[in-house]
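Asks: One structure is given below, represented as structure tokens, and several questions about it will come after.
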Amino acid sequence: MNGTSKNLSEIKKISDEFANSEAEIIVCPPYTLLSAAKELAKNINIGAQNLHSESSGAFTGEISAEMLVDLGITHSIIGHSERRTEHNETNQIVAHKVKTSLEKNLQTIICIGESELEKQENKTLAVLRKQLFESIQGSMNLRNIIIAYEPIWAIGTGLTPEVNEISKAHASIRKNLIDLCGSEASDIPILYGGSVNGSNAFEIFNAPNVNGALVGGASLSFDKFAPIIRALEDINC
């Protein structure tokens, strides 16, 4: 819940600067800026931070996948940790939203991640497996699925797991995806999210099975977001 019309210039800077980038760049502003961002950002994808599980109905204040597609939106984020914790979204709710998003052919970024307590109790991999399996639940449109691993304890805190911890989590997610969806799941992008910045992005992107980042606070300004994009470009060169 950040950004007003004055911040659209930051999105345009990103679009202009990386017009020829081979990195896939997705910006997910608040609903109020989606239309304007879509008009300004000709070289990057615009996504939504959430959507409702139903296609239409008496759900005052909610936004459907069909409405997003009507605006030309290409991506959606489902099950972000803040939605799970602040709005009590269970794996089952997330799974319903994922199904709806995929049915409308949105590229669907599914978020999973452990709490600080779960990490301390060495439950990280078990939690990720459960969230992954229950949040997908038979949604097999693999071409449109993106997984984002976001350890809850690292979001907005400035703390990040050790690179070997990130690698271990991503390797486990990759194995679980293949167990769930078959060998085609080896091509599903897995993003890391949790205090990614220009200083640590290259090292994180260089870890096995890390295909990109779900960027939080650093995405709010061009000056902070651009170095992260460049780090990904450097890895892919």
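The values are calculated or read from the model by the stated rules, or taken from the named source; none is laboratory data. What you see is a predicted model; the values in this text were computed from it and never measured. In this analysis, Cβ positions are derived from the backbone assuming ideal geometry, glycine residues included, and neighbour counts consider all displayed protein chains.
Asks: Collect the residues in region 84-113 that are closer than 15 Å to Gly156 by Cα and in contact with an Asp or Glu (Cβ under 9 Å, 6 or more places away or on another chain), keeping them in residue-number order.
Replies: Gly113
Asks: Failed condition for Gly198, given (1) touching a Pro at 6+ places or on another chain (Cβ under 6 Å); (2) part of a helix (DSSP H, G or I), with all others met?
Replies: (2)
Asks: So, one more: Report yes if Val127 is among the β-branched types (Val, Ile, Thr), assigned to a helix (DSSP H, G or I) and in contact with a helix residue (DSSP H, G or I) (Cβ under 7 Å, 6 or more places away or on another chain), otherwise no.
Replies: Answer is yes for this residue.
Asks: Right, here's the next one. Select from region 181-219 the residues that are touching a residue at least 60 places away in the same chain (Cβ under 8 Å) and in contact with a helix residue (DSSP H, G or I) (Cβ under 7 Å, 6 or more places away or on another chain) and list them in ascending order.
Replies: Passing the criteria: Gly194, Gly212, Ser219.
Asks: OK, next. I need the full set of residues from region 55-72 which are among the β-branched types (Val, Ile, Thr) and modelled with pLDDT under 95, in order please.
Replies: Scanning region 55-72 gives no hits.
Asks: While we're on this one: Look at Ile204 and say whether it is modelled with pLDDT of 95 or more, touching a His at 6+ places or on another chain (Cβ under 6 Å) and within 30 Å of Ala19 (Cβ to Cβ).
Replies: no
Asks: If you don't mind, another one. Anything in region 104-147 that is of a type in the set (Asp, Glu) and either surrounded by 14 or more Cβ atoms within 10 Å (Cβ to Cβ) or modelled with pLDDT of 95 or more (or both)? List them, or say none.
Replies: Glu114, Glu118, Glu121, Glu134 - these are the residues of region 104-147 that are of a type in the set (Asp, Glu) and either surrounded by 14 or more Cβ atoms within 10 Å (Cβ to Cβ) or modelled with pLDDT of 95 or more (or both).
Asks: A follow-up question, please. Among residues belonging to region 68-89 that are in contact with a helix residue (DSSP H, G or I) (Cβ under 9 Å, 6 or more places away or on another chain) and among the hydrophobic types (A, V, I, L, M, F, W, C), point out the one that is surrounded by the most Cβ atoms within 10 Å (Cβ to Cβ).
Replies: For region 68-89, the residue satisfying everything is Ile78.
Asks: Then there is this: Could you say which residue among Lys42, Lys13 is basic (Lys, Arg) and either touching an Asp or Glu at 6+ places or on another chain (Cβ under 7 Å) or at pLDDT below 95 (or both)?
Replies: Among Lys42, Lys13, only Lys42 is basic (Lys, Arg) and either touching an Asp or Glu at 6+ places or on another chain (Cβ under 7 Å) or at pLDDT below 95 (or both).
Asks: Can I ask one more? From the list His80, His75, His52, exactly one residue is farther than 29 Å from Pro161 by Cβ and under 19 Å from the mean Cα position of the chain (by Cα). Which is it?
Replies: Step by step, each of His80, His75, His52 is checked, and only His52 is farther than 29 Å from Pro161 by Cβ and under 19 Å from the mean Cα position of the chain (by Cα).
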